[in-house]
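What follows is a single structure, written as structure tokens, with notes after it.
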Amino acid sequence: MADIQPATATPASLQAPAEPVVIRRADYQPPDWWVKTVALEFDLDLSATQVSATLQIERNGDHERPLRLDCDGALPGSISVDGVAANWRHEGDGIAVDVSAPRATVHLTTQIAPDTNTQLMGLFASNGMLCTQCEAEGFRRIIPFVDRPDNMAVYEVLLRADKARFPVLLANGALVDAGDLEDGRHYARWHDPHPKPSYLFALVAGDLVATRDHFTTRSGAPVELAIYVREGDEGRTAHAMQALKASMEWDERVYGLEYDLPVFNIVAVSDFNMGAMENKGLNIFNSRYILADPDTATDYDYDAIEGVVAHEYFHNWSGNRVTCRDWFQLSLKEGFTVYRDQCFSADMGSEAVKRIEDVRMLRATQFPEDAGPLAHPIRPDSYMEISNFYTSTIYNKGAEVIRMMATMAGPERFRAGCDLYFARHDGEAATCEQFVRAMEDGAGLDLGQFRRWYEQAGTPQVQARLEHDADSATATLHLRQQFSPTPGQQDKPLMPIPLRTALIDRDMKAHRGEQLVLLTQSEQSVTFTGFARPPVLSINRGFSAPVTMDVARRSGDLLFLVRHDDDPFARYEALQQLVIDRLIADIGEEGAAAERAAALEDILSVFGDLVSDQRLDDSMRTEILSLPTEAFLGEQMLIVRPEAIHDARRALRKAIGTRLIDQWRIVHERASAVPYSLSREARGARKIKSLALGYIASAEAADAATIAFGQFAQADNMTDRQGATMVLASMACDERETALDSFYNRYQGNALVIDKWFSLQTGSSHAKVYEQTLELIRHKDFTLTNPNRVRALYWPFVSNQAAFHHASGRGYELLTDLILRLDPINPQTTARFIAPLGRWRRFDEDRAAKMRGCLERILAQPGLSKDTTEQVVKSLE
Ligand code: ARG
Ligand code: ZN
């Protein structure tokens, strides 16, 4: 086909970036043209891949508007409509072609250079292989297309490549044909019968080896499973395969949902912006969420793999069979799928520990986001760059919103709501509103007021107070809800807040049954009868609502709950609250010294009891006995005081370590005697072992370095080795350098473990962590082109409150230098690093000015990406 465009046309990627355009949910319009079928042909090559596409298009409605195709870099070499060469023109960030017939066949070609695609969106090269990432808007970097999730089409894909370099050729669906070509090339033709949006398109070409297994669905359909990895990694796929089969079985059993293709392929790649991607029949994973063996992966890594494999598999229904109408509905698939993977992981392991981990994560990432300049509802109203909205709010708060509906409905009715949702919308691109309606109709809930959880940003604050009246033998719970303004939302309507509540009798040390109290008004009281003596209030059990609770309770009541509450989350929460109250009092030097000393005694005595409490398993014990992070303590203060927080927390750790030193030693020895296995007991032992080691080190025991080095040297697994290295990394001793060197030498060449080696150092509380981080930035193994490596080095440093917020501002400068260097290479990964600087309002004037100064320096950089620009502009407002 003739190229009728002048050869001098500037590629879109070289044009000066326009001012970011704001896209609004209220402006949604269906596309003018539908693409119904897509036939793609790829001549794959690292530096010059030829693509040709044949699209069957159909006019949507009665209009004379042109065919508009989204386009990002991959301008068409040629376009024809029904076999006739066509003219095209730039229009916005796409192209327009005039088409007169109501239906037409459009043929177009492009050429792309995967090996220069450092953004890792579209078709890119990673370690000599080729793969794609199309969500959200990567497909338009391959060919111009109606690149939006409501356009669903059937795809047929023909891949051609050099057989020696790319022996494996994969795409969505099932393989229909394959064979050899001339000149050492070969081909594979894939067909996916399920209509899908372009963001679910995927291809992979490379020299990969597969681990294979199979699964038979409940209705008897056979499914071939394969996990493709680089040669040498095939010994590390067993856990991921196990997780895949368990997920398939779980979704059938719990949701009645079966897999719908004869093959399910997973490919692991080392260069990836996110965790993984649910492309239909061809999931592509960041290798860190696939590869594991005891020598290289921690127990935590094993759990993360299980969770992410399940998450992507569950998307086959919550995401692929029912997808999103537009990107404002992202939480429709992400919030729901996170909720589903959380429940799966709870079923596979410990429900109590999983809940604590999930809440800790929500509080560490989502609460700060919701309280800062980037706050947005789980269904946003506008965005500039959709990649910036793959947030903890969309994912984790989105999951909490689904969980609240599940709590209010109960398991059977929730399942009925889900069934109705899938039955109604199978094969469609749906909205959050449609999910809510299906839940109302199927579960029989009235979600009128509940819809506000989709509309409103910010974490609700709930105050609770229990009032006892001895004469009437009643206890009255007084509740109140409040909201802080978030960007664009000043006055907020009231939310329905479901609070699982129990009143615990002081003598019986038990309650008469839990109640679900639904707080719907600004102030509300509930009276409970039959309480001659005041009971102890246990509220927001299991963290039933994603809110902050301010409960008027004496520390004696909290101690009672730590010892007697039958809800494991509430137990954990009670001790955390005691510790937080005590640390905040220390930091602010509030209260009389004698009072604070008494509070410390309480904490030490309850810690002492819990270290050996037989009712706790070691995993739960570790959760309960871990102190809140410095960052979380900062969140509790209006103005964060990094040094004071650091010192107060360290002093408390030292007190706990010192007072209970004998117990910590016993625990460490007991746990060290448990041989390695993946059993719950052995995993619990490894978890408490490193916690005990940390407290021994905090006590500054003379032999702490020796014990830590012993754990390091004797470790036959990564959990113990990493745990020991983490403790040593914060110490000033010769063992520290010896362990770090030996760790590095042992794992040189294993990128995922070398990532850990970077993180252990930049996340430490060593006095020289800043200098050490600077040195690591210059290390020969550090590179800006691998997102895992960038995150491994910088995230722990940025999350290291005392180091990042050093009064000199040097931590801010270090991050700003990264942002300016990384933005031209990988804007999506860069933009994630803006939020820590955007929290300037929470710091003293001096720090705030320095943080703002950095944001302004970033904004001044010519050619700054749309991703980073959006986050900086919002952070400065
Ligand atoms: N849908 C993927 C998941 O949650 C996330 C992909 C997002 N990728 C991106 N580049 N924005 O499983
Ligand atoms: Zn997802």
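A few notes on this one:
- Answer from F367, F264 - the residue that is away from ligand 1 (no atom under 16 Å from the Cβ) and either farther than 20 Å from V753 by Cα or surrounded by 23 or more Cβ atoms within 10 Å (Cβ to Cβ) (or both): F367
- Yes/no for Y313 being crowded, with 22+ Cβ neighbours inside 10 Å, within 12 Å of ligand 1 (Cβ to nearest atom) and closer than 27 Å to T725 by Cβ: no
- Residue satisfying all of: in the stretch 337-361; of a type in the set (A, V, I, L, M, F, W, C) and within 16 Å of ligand 1 (Cβ to nearest atom); farthest from R621 (Cα to Cα) among these: V338
- A205 being under 22 Å from G128 (Cα atoms) and either within 16 Å of ligand 1 (Cβ to nearest atom) or in a helix (DSSP H, G or I) (or both): no
- Some residue of the stretch 240-248 being within 16 Å of ligand 2 (Cβ to nearest atom), touching a Phe, Trp or Tyr at 6+ places or on another chain (Cβ under 7 Å) and farther than 14 Å from T211 by Cα: yes
- Whichever residue in the stretch 109-164 is in contact with a helix residue (DSSP H, G or I) (Cβ under 7 Å, 6 or more places away or on another chain) and charged (D, E, K, R) and, among such residues, is farthest from ligand 1 (Cβ to nearest atom): D147
- Checked against (1) within 29 Å of A221 (Cβ to Cβ); (2) in contact with a strand residue (DSSP E or B) (Cβ under 7 Å, 6 or more places away or on another chain); (3) not aliphatic (A, V, I, L, M), E278 passes all but condition (2).
- Within the stretch 829-877, tally of residues that are part of a loop (DSSP other than H, G, I, E, B) and not polar (S, T, N, Q): 11
- If you filter the stretch 288-325 down to residues that are touching a Lys or Arg at 6+ places or on another chain (Cβ under 7 Å) and of a type in the set (D, E, K, R), you find that the one that is farthest from Y255 (Cα to Cα) is D293.
To keep it simple, each residue is scored yes or no on (1) under 17 Å from the mean Cα position of the chain (by Cα); (2) crowded, with 24+ Cβ neighbours inside 10 Å; (3) farther than 18 Å from A171 by Cα.
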position: R218; (1), (2), (3): no, no, yes
position: R230; (1), (2), (3): no, no, no
position: M248; (1), (2), (3): no, yes, yes
position: Y255; (1), (2), (3): no, no, yes
position: A268; (1), (2), (3): no, yes, no
position: Y289; (1), (2), (3): yes, yes, yes
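- Close pairs from the stretch 225-245: first acidic (D, E), partner part of a strand (DSSP E or B), Cβ under 9 Å, at least 6 apart: E231/L208; E231/V209; D233/V209; D233/A268; E234/V209; E234/A210; E234/T211; E234/I227
- Residues of the stretch 640-690 that are farther than 23 Å from Y302 by Cα, more than 27 Å from the chain's Cα centre (by Cα) and part of a loop (DSSP other than H, G, I, E, B): R641, L660.
- So E334, is it under 30 Å from D192 (Cα atoms), within 14 Å of ligand 1 (Cβ to nearest atom), touching a residue at least 60 places away in the same chain (Cβ under 8 Å) and surrounded by fewer than 23 Cβ atoms within 10 Å (Cβ to Cβ): no
- Residue match in the stretch 382-391 (condition: away from ligand 1 (no atom under 16 Å from the Cβ), surrounded by 21 or more Cβ atoms within 10 Å (Cβ to Cβ) and within 18 Å of F328 (Cβ to Cβ)): no
- Unique match (being exposed (fewer than 15 other Cβ atoms within 10 Å of the Cβ) and either assigned to a strand (DSSP E or B) or in contact with a strand residue (DSSP E or B) (Cβ under 6 Å, 6 or more places away or on another chain) (or both)) among H191, H214, H186: H214
- For the criterion of being farther than 28 Å from K397 by Cβ, touching a helix residue (DSSP H, G or I) at 6+ places or on another chain (Cβ under 9 Å) and buried (at least 20 other Cβ atoms within 10 Å of the Cβ), D609 fails.
- Residue within the stretch 810-828 that is small (G, A, S), assigned to a helix (DSSP H, G or I) and surrounded by fewer than 23 Cβ atoms within 10 Å (Cβ to Cβ) present: no
- Applying the criterion of at least 3 residues that are in contact with a Lys or Arg (Cβ under 7 Å, 6 or more places away or on another chain) to the strands (runs of 3 or more DSSP E) found wholly in the stretch 87-178 leaves 94-97, 153-162.
- Residues of the stretch 679-695 that turn out to be touching an Asp or Glu at 6+ places or on another chain (Cβ under 8 Å) and either of a type outside the set (K, R) or modelled with pLDDT under 95 (or both), as a count: 5
- The stretch 570-602, residues that are within 33 Å of the chain's Cα centre (by Cα) and within 28 Å of H668 (Cβ to Cβ): R571, Y572, E573, A574, L575, Q576, Q577, L578, V579, I580, R582, L583
The values are calculated or read from the model by the stated rules, or taken from the named source; none is laboratory data. Everything numeric in this text was worked out from a predicted model, so none of it was measured. Neighbour counts run over all protein chains shown; Cβ positions are idealised from the backbone, glycine included.
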